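J.: One structure is given below, represented as structure tokens, and several questions about it will come after.
The values are calculated or read from the model by the stated rules, or taken from the named source; none is laboratory data. As the structure is a prediction and not an experimental result, all values here were calculated from the model. Every residue, glycine among them, receives a Cβ derived from its backbone with ideal geometry; neighbour counts consider all protein chains shown.
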Amino acid sequence: MADGIRVVIVDDHSIFRSGLRSDLDDTVVVVGEAADVPSAIAVVAETRPDVVLLDVHLPGGSGGGGTGGTEATGGEDVIRASSSVPTRFLALSVSDAAEDVVRVIRAGARGYITKGSSGVEVSRAVRAVADGDAVFSPRLAGFVLDAFGAVAGETATVDDELDRLSTREQEVMRLIARGYAYKEVASALFISIKTVETHVSAVLRKLQLSSRHELTAWASERRLL
Amino acid sequence: MGRMTPSAAPEAARAGRRARPVPPPRPPLARPREAVVAGVAEGLARHLGAPVGVVRALFIVLALLGGAGILFYAWCWALAPRAAGEQPPTSSAPVAWILTACAAVGLLPLALLSLVGGRGFVTIVAVTTLAAVAAGVWAALIDRRDPVRGPRHATVVRSADAVVLVVVFALAALAGRDGRIADVLLIVVPVAGLAVLLSSNLVGKWRELSGERDKRIREEQRAEMAAHLHDSVLQTLALIQNRGGASSEVARLARAQERELRAWLYDGDQPADSDLSTDLRDYAAALELDYPVRIDVVAAGTSTERASGEVAAAAREAMLNAARHAGGEVSVYIEGGAGGVDVFVRDRGAGFELDHVPSDRLGVRQSIIGRLRRLGGTATVTSGPTGTEVHLRSAREEAGARG
């Protein structure tokens, strides 16, 4: 147990925290909980966990993160304030409002899963994030294909181009959108799981760094991710 | 008119029933949307089954009998509703101009009297002012919304009426100073008229403003409620799904409720567009209620494919198969581009061999593969021990293969 992945759960609903806590499997150790932005920042700084399970919407945030949103997505504030701590963030959201999820991912979260996911799924995602991988849901993959113009046939010609996806990245994203697990993606494309993870991480990096205006435009227009 | 009084009406109806077994139902008393003035005479004529000319003549005769007709006209106008309809009500007679003309004509004797002096000055001032104010108010409140006339017409009429009132004021002041008119207070009448004329504009503005405010308040309340529900009910529903296990009865119900609530919260009053992805989402929600299955529908790109199309029908069949035979988690991915539309339906069931399906089972062969073939597209069914995936592809004619 001592060598399990150390996790902090940040969510303003205590019943959800305790529920998630009991659902997580043995490889995950919960070292702290927090219910709002200031306490989350304090707990993360104190316990220095491997992974923070972070609700996208938290009370006590600065409000909208400077982008003029109507609702404060406190999750974003927690990530920005904890930049000095070497910890990884996995966003948990009950909302499918794409602008909120994309905002938290652009702030630095390594992935996003919905709160309806089972304990097994959350544990698996926590392990993936702890290993430095990105966690993509089918919806997020579909959104990425849309936002990077892959559906319209735009393809990156250079590997490090930030505003488009390479052919391989598009293939991986399409399979994830179709509901394939990483292992299934790997065998479908005849590549190793490690390569799949590399591609997914590259897409996550593009999602975080790209200045493509469609990212936010699409997100707010569609509402659904 | 006697038939209109409440006590007379049932009596007349009873008499009518005795004379004719089935009296045709009277059309309701409503003013038509396209009227000469306000539609009172026409509406009344329709209601009573009398010719319009007779009703109009009756109104005029009654108006001459001490103004009873005018009162009755006003009463009908106030109480009879406009006939239901989409277009804004319009009147064909230039009522505002007629009233303005009356006021202008009144200026002539007024000028004469103010110079020479004589009886009736007070009455003419009052009538002229009244006509000018009525014209201005009519233009501001009624003609402004009339598509035939519009706000520009209203401005012109009101300016003309303002000029008339200023002249009346000047003549009254002239007559008062020369002492031909004893009542100096008379100059207050046109000034008051002018004030009413100017303020009638404010009524329209205020109406617009309060309408907008009402709308904004409604939206704010809705947003507030959405935020509250998001924090409470949606969280609870997520928790129920989380604790209940993916395909348990409770989790499925919670998921259906969550979907419904979310659609109401975020899609608002906009009518649901019946494109392919919306339709498949709705179908997935319906399937989740009937089968132990969780269907995740992901859509990318914009699809022009209609929900009533063959692709949608084939996709629904594939989803139904997945829900019925595999259950558990089902993923649906729709990608629509310029070249056509791709639909993937993937389940994690035990899989099946297409060749082993009895030929009398039409689901896969006819509803999915045959449908797409007739359409000029392709349907591929890949089945293995880890699940089955149906890939529907419908290409548009002008576009070739897409990367």
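J.: Can you tell me which residue in the stretch A:178-190 is farthest from the other protein chains (Cβ to nearest Cβ), limited to those that are crowded, with 23+ Cβ neighbours inside 10 Å and in contact with a helix residue (DSSP H, G or I) (Cβ under 6 Å, 6 or more places away or on another chain)? Steps first, answer last, please.
T.: Initially, the stretch A:178-190 is screened for residues crowded, with 23+ Cβ neighbours inside 10 Å, giving A:178-180, A:185.
Within this subset, residues satisfying the condition of being in contact with a helix residue (DSSP H, G or I) (Cβ under 6 Å, 6 or more places away or on another chain) are A:179, A:185.
On the way: A:179: 2, A:185: 12 Å.
Checking each candidate, the answer is A:185.
J.: In the stretch A:21-55, what count of residues is obtained for those that are under 18 Å from residue A:88 (Cα atoms) and either at pLDDT below 80 or within 11 Å of another protein chain (Cβ to nearest Cβ) (or both)?
T.: Within the stretch A:21-55, residues that are under 18 Å from residue A:88 (Cα atoms) and either at pLDDT below 80 or within 11 Å of another protein chain (Cβ to nearest Cβ) (or both) number 1.
J.: Test each condition in (1) more than 33 Å from the chain's Cα centre (by Cα); (2) at pLDDT 85 or above for residue B:353 and report the one that comes out false.
T.: The number of the failed condition is (2).
J.: Here's another thing I want to ask about it. Picking from B:237, B:229, B:209, which residue would you name as being among the aliphatic types (A, V, I, L, M) and loosely packed, with under 15 Cβ neighbours inside 10 Å? Step through it out loud before you land on a result.
T.: On the way: B:237 fails: loosely packed, with under 15 Cβ neighbours inside 10 Å; B:229 fails: loosely packed, with under 15 Cβ neighbours inside 10 Å.
Going through B:237, B:229, B:209 in turn, just one is among the aliphatic types (A, V, I, L, M) and loosely packed, with under 15 Cβ neighbours inside 10 Å: B:209.
J.: If a residue must be in a loop (DSSP other than H, G, I, E, B) and crowded, with 16+ Cβ neighbours inside 10 Å, how many such residues does the stretch A:191-208 contain?
T.: Within the stretch A:191-208, the subset in a loop (DSSP other than H, G, I, E, B) is A:191-192.
Now drop any that are not crowded, with 16+ Cβ neighbours inside 10 Å, which leaves A:191.
Residues in the stretch A:191-208 being in a loop (DSSP other than H, G, I, E, B) and crowded, with 16+ Cβ neighbours inside 10 Å: 1 in total.
J.: OK, next. Do the conditions hold for residue B:314, that is, is it within 19 Å of residue B:332 (Cβ to Cβ), more than 14 Å from every other protein chain (Cβ to nearest Cβ), assigned to a helix (DSSP H, G or I) and modelled with pLDDT of 85 or more?
T.: Working: within 19 Å of residue B:332 (Cβ to Cβ): yes; more than 14 Å from every other protein chain (Cβ to nearest Cβ): yes; assigned to a helix (DSSP H, G or I): yes; modelled with pLDDT of 85 or more: yes.
Yes.
J.: Follow-up. Restricting to the stretch A:39-53, give me the number of residues that are surrounded by fewer than 19 Cβ atoms within 10 Å (Cβ to Cβ) and in contact with a helix residue (DSSP H, G or I) (Cβ under 9 Å, 6 or more places away or on another chain). Let's see the steps before the verdict.
T.: Taking the stretch A:39-53 and keeping what is surrounded by fewer than 19 Cβ atoms within 10 Å (Cβ to Cβ), we get A:39, A:42, A:45-48.
Subset that is in contact with a helix residue (DSSP H, G or I) (Cβ under 9 Å, 6 or more places away or on another chain): A:45.
So the answer is 1.
J.: Also, quick follow-up: If residue A:144 satisfies all but one of (1) under 12 Å from the mean Cα position of the chain (by Cα); (2) in a helix (DSSP H, G or I), what's the number of the condition it fails?
T.: (1)
J.: When you check residue B:167 against the structure, is it touching a Pro at 6+ places or on another chain (Cβ under 9 Å) and modelled with pLDDT of 85 or more, yes or no? Quick ask: steps written out before the conclusion?
T.: Working: touching a Pro at 6+ places or on another chain (Cβ under 9 Å): yes; modelled with pLDDT of 85 or more: yes.
Yes; evaluated as a whole, the condition is true for this residue.
J.: Which one of these is in contact with a Lys or Arg (Cβ under 7 Å, 6 or more places away or on another chain), buried (at least 23 other Cβ atoms within 10 Å of the Cβ) and of a type outside the set (D, E, K, R): A:175, A:145, A:140, A:162? Break it down stepwise before answering.
T.: Working: A:175 fails: in contact with a Lys or Arg (Cβ under 7 Å, 6 or more places away or on another chain); A:140 fails: in contact with a Lys or Arg (Cβ under 7 Å, 6 or more places away or on another chain); A:162 fails: buried (at least 23 other Cβ atoms within 10 Å of the Cβ).
Answer to the check: A:145.
To keep it simple, each residue is scored yes or no on (1) surrounded by 14 or more Cβ atoms within 10 Å (Cβ to Cβ); (2) under 39 Å from the mean Cα position of the chain (by Cα); (3) assigned to a helix (DSSP H, G or I).
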{"position": "B:56", "(1), (2), (3)": "yes, yes, yes"}
{"position": "B:61", "(1), (2), (3)": "no, no, yes"}
{"position": "B:75", "(1), (2), (3)": "no, yes, yes"}
{"position": "B:84", "(1), (2), (3)": "no, yes, no"}
{"position": "B:99", "(1), (2), (3)": "yes, yes, yes"}
{"position": "B:112", "(1), (2), (3)": "yes, no, yes"}
{"position": "B:119", "(1), (2), (3)": "no, no, no"}
{"position": "B:127", "(1), (2), (3)": "yes, no, yes"}
{"position": "B:132", "(1), (2), (3)": "yes, yes, yes"}
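J.: Collect the residues in the stretch A:1-20 that are more than 14 Å from chain B (Cβ to nearest Cβ) and either without any contact (Cβ under 8 Å) to a residue 12 or more places away in the chain or in a loop (DSSP other than H, G, I, E, B) (or both), keeping them in residue-number order.
T.: If the condition is that a residue be more than 14 Å from chain B (Cβ to nearest Cβ) and either without any contact (Cβ under 8 Å) to a residue 12 or more places away in the chain or in a loop (DSSP other than H, G, I, E, B) (or both), then A:1, A:2, A:3, A:4 are the ones that fit.
J.: How about the stretch B:317-338: which of its residues are at pLDDT below 85 and within 12 Å of residue B:280 (Cβ to Cβ)?
T.: B:336
J.: Suppose we keep only residues that are outside any helix (DSSP H, G or I) and among the hydrophobic types (A, V, I, L, M, F, W, C) within the stretch A:147-156. Which one would you say is nearest to the other protein chains (Cβ to nearest Cβ)?
T.: Checking each candidate, the answer is A:151.
J.: While we're looking at this one, here's another question. Sort out which residues of the stretch A:102-118 are within 16 Å of residue A:205 (Cβ to Cβ) and either away from chain B (no Cβ under 14 Å) or in contact with a His (Cβ under 9 Å, 6 or more places away or on another chain) (or both), and write them in order of number. Can you show your working first?
T.: Pass one, the stretch A:102-118, residues within 16 Å of residue A:205 (Cβ to Cβ): A:102, A:104-112.
If the condition is that a residue be within 16 Å of residue A:205 (Cβ to Cβ) and either away from chain B (no Cβ under 14 Å) or in contact with a His (Cβ under 9 Å, 6 or more places away or on another chain) (or both), then A:102, A:104, A:105, A:106, A:107, A:108, A:109, A:110, A:111 are the ones that fit.
J.: Can residue A:121 be described as more than 18 Å from residue A:165 (Cβ to Cβ), within 14 Å of another protein chain (Cβ to nearest Cβ), over 13 Å from the mean Cα position of the chain (by Cα) and not polar (S, T, N, Q)? Talk me through it step by step, then tell me what you get.
T.: Details: more than 18 Å from residue A:165 (Cβ to Cβ): yes; within 14 Å of another protein chain (Cβ to nearest Cβ): yes; over 13 Å from the mean Cα position of the chain (by Cα): yes; not polar (S, T, N, Q): yes.
So residue A:121 passes the test.
J.: Still on this model: Quick check, is residue B:101 within 24 Å of residue B:172 (Cβ to Cβ), without any contact (Cβ under 8 Å) to a residue 24 or more places away in the chain and among the small types (Gly, Ala, Ser)? Lay out the reasoning, then the answer.
T.: Details: within 24 Å of residue B:172 (Cβ to Cβ): yes; without any contact (Cβ under 8 Å) to a residue 24 or more places away in the chain: yes; among the small types (Gly, Ala, Ser): yes.
When the stated conditions are applied, residue B:101 passes them.
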